[in-house]
Amino acid sequence: MKEKLIIQGGETLEGKLEIAGAKNSALPLIAATLLTDEEVSLENVPRLDDVQTMLEMVRELGKDVTSTGPNTVKITGSVSSNQAPSELVRKMRASFLVLAPLVGRTGRAEVPLPGGCNIGTRPVNLHLEGLEKLGVDITQDDGRIIARADNLGANDIFLDYPSVGATEQLLMAGVSAPGTTKIYNGAQEPEIRDLARFLTELGADLSLEGSILTINGGNGFGRGKYEVLSDRIAAGTYMLAGVATGGRVKVESVDPSSIKPLSLKLSKAGVKVEETEHSVQVESQGRPDNLEIITLPFPGFPTDLQAPITSLLTLAKGKSVVKETVFDSRFGHVAELSKMGADISVTDSNTVFIEGKKSLRGTEVEATDIRAGAALVIAGLAGEGRTEVSGMKHLDRGYSQLQVHLESLGATIKRVSKNE
Ligand code: UD1
C-alpha cells in the first residue's frame, strides 16, 4: 500500500533522541559476513528496508540469518551460491558490495551491474579496476559482472576518487588476498573505519592511516560480535529539523567528530551547538544566517546532508549557495521546495542558489530519494500549514521510525495510506 506523511508544520521541536545504527555501516558489515563461515552477531542494526534487503541478499547466498532482538542479528553458515539475485541489486546499489566477499570465498561471483539511480549515474569502474589489480578477471555478460579469481594476489591500488563503495569493496577483497595490499586515496568516512574494525574483529590484519589503507591479507576469518556505528546522517537530519523549527534538539549516542562539518556550519550560521563525548545539542537562536556549502568526501561536508541543509537555508537570512561535487544530479528536492514557496534554483554546474525567506507553505510534495525525502520532511515541519510527503519507499530505506522520533520531539506528523 502506498503511504504518505502528513505534517502539520509550525511546531517547535524540543527534546532528545537516541540515534540508531548507521545504514551505511550496517550494509557493508552484513556483506562482509560472507567472508566467514563462523557465527557473527551484529548489534545496533537499524530496522530499515535497505538493511532487510542486504540480509535477504546474504540469505539468498546461503547464510542463516536470525533476528535475535529488535536490533540484533546473528548470521552464520557457508556461502552456497555465488550469484546475486538481480531484483535485490536493483533495489539497492549497495548490494553490489557482495562481489568481493563472494570472489574471496568462492573464487567466482556473478553480480548484476547496479546501474543508475535517482542521484546520478554512479558507475562502478573504481570497484572493478581495483579488483582487477588484485587478480580478479572481470567480464560482463548481459548486464552482469562475472568475476573469477583462482588466486587473489596483493597489490598497490590507487583510487582516482575516494569512493566509499570502492574502498569498502577493495578492503573486503584485500583481506582475502595473501600479501600486503595498499589502497591509496581511499575514502575516510567513519563507516570505512567501522568496516575495518569489524574485519579486524573477524581476524583480518589491517591498518588505516588517513587515506592509505594497508591490508595484510589471506589470514582466514573466525567468529565475531560487533556493534554497528551510529548514524551520523540521521543525527544530522534531526539536528537540522530542530534548528529549522526554531527549537532545541539533542542527538545522543553519536560521535560528535563524525558530524563536525555540520556542527561547525550550524555554529557559523548562529546556532548554539553544545557537544559532549557522545552527544550534540543544537539550539536555534532565531533565523539562521546564510551559508556557503560545498559537499566533499569526508571530512568535507557530507553529500547526504546536502538536501537536508538546503531546506534549512531556504529559511535563512540572505543568500546561500550549496555546491554538490560528489554526485552529478542530486537535486530532486529543489523543485519540491520551490512548490513550498522557497526561492531556490539550480544551475548546470550543480550549484543551488537560495534566497532565504521568512516562511515556507505546506503543500503536496514527493520524495525522489532518501535524503531529498528528509529535506522535504524538514521543510514540512518548519513550514506553515499542512505538507503531504509521498515517496515513502525512499524514506523507509534510510530512516528508522522517522515519524515516531519526530513525534517524540513534538512534531504533528502522521503516516496514512495515499488515498486518505
Ligand atoms: C556511499 C553512501 C551514500 C553517500 C556516498 C558518498 C552507502 C551505502 N552509501 O555511496 O549514502 O552519499 O557514499 O558519501 O554507503 N564513483 C565512480 N566510480 C566508482 C564509484 C564511484 O565514478 O567506481 C563516483 C560516483 O558516481 C559518485 C562518487 O564517486 O559520483 C561518490 O560515490 P561513492 O563514494 O562510491 O558513493 P557510494 O559508495 O555509492
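How far is the Cα center of the range 159-188 from the Cα center of the range 88-158, in Å?
What the calculation gives is 13 Å, centre to centre.
List the extent of the Cα atoms of the range 1-91 along each of their three principal axes, largest first, rounded to whole Å.
53, 28, 19
Using mean Cβ contacts within 10 Å as the protection proxy, how do 240-246, 281-287 order, highest first?
The packing order, highest mean first, is 240-246, 281-287.
Within 10 Å, count the other beta carbons around each residue, average over each peptide in 213-219, 378-384, and list them highest first.
Per-residue mean Cβ counts within 10 Å order the peptides as 378-384, 213-219.
Can you find, among 172, 202, 27, the residue sitting farthest towards the positive end of the charge dipole of the range 23-227, where Lys and Arg contribute +1 and Asp and Glu -1 at Cβ?
27
Under a Cβ-only charge scheme (Lys and Arg +1, Asp and Glu -1), can you give me the dipole magnitude of the chain about the Cα centre, in debye to the nearest 20?
900
Under 30 Å from the Cα of residue 4, which lysines turn up, not counting those fewer than eight places away in the same chain?
16, 23, 91, 250, 323, 339, 357, 358, 393, 414, 418
Which of 372, 335, 234 moves most in a GNM of the chain, Cα contacts under 10 Å?
Of 372, 335, 234, the most mobile in the Gaussian network model is 335.
Just name one of 261, 331, 316: the one whose Cα is farthest towards the positive end of the charge dipole of the range 243-373 (beta-carbon charges, Lys/Arg +1, Asp/Glu -1).
Going by the Cα projections, it comes out as 316.
For the range 167-216, give the magnitude of the charge dipole about the Cα centre (Cβ charges: +1 Lys/Arg, -1 Asp/Glu; no others), in debye to the nearest 20.
With Lys and Arg at +1 and Asp and Glu at -1, about 160 debye.
When the helices in the chain are scored as -39500 (n - 2.57) per DSSP H run of 4 or longer and the sum is shared across all residues, what 222 nm value do you end up with, to the nearest 500 deg cm²/dmol?
My calculation for the chain gives -9000 deg cm²/dmol from helical runs alone.
Any idea what the dipole of the range 32-95 comes to, in debye rounded to 20, about its Cα centre with Lys/Arg Cβ at +1 and Asp/Glu Cβ at -1?
Dipole about the Cα centre, nearest 20: 220 debye.
Can you give me the relative contact order of the chain as a percent, contacts being Cα pairs under 8 Å and 6 or more apart?
21
May I ask which residue of 233, 340, 158 lies farthest towards the positive end of the charge dipole of the chain, with charges of +1 (Lys, Arg) and -1 (Asp, Glu) on Cβ and the Cα centre as origin?
Result: 340, furthest along the dipole toward the positive end.
Only Cα pairs within less than 10 Å get springs; with that Gaussian network setup on the chain, which residue of 200, 181, 237 has the largest fluctuation?
Evaluated over the chain, the most mobile residue of the options is 200.
Values quoted throughout were computed directly from the atomic coordinates according to the rules given, and no laboratory measurement underlies them. These numbers were taken from a predicted model, which means no experiment stands behind them. For neighbour counting, all protein chains shown are included, and Cβ atoms are generated from backbone atoms with ideal geometry for every residue, glycine included.
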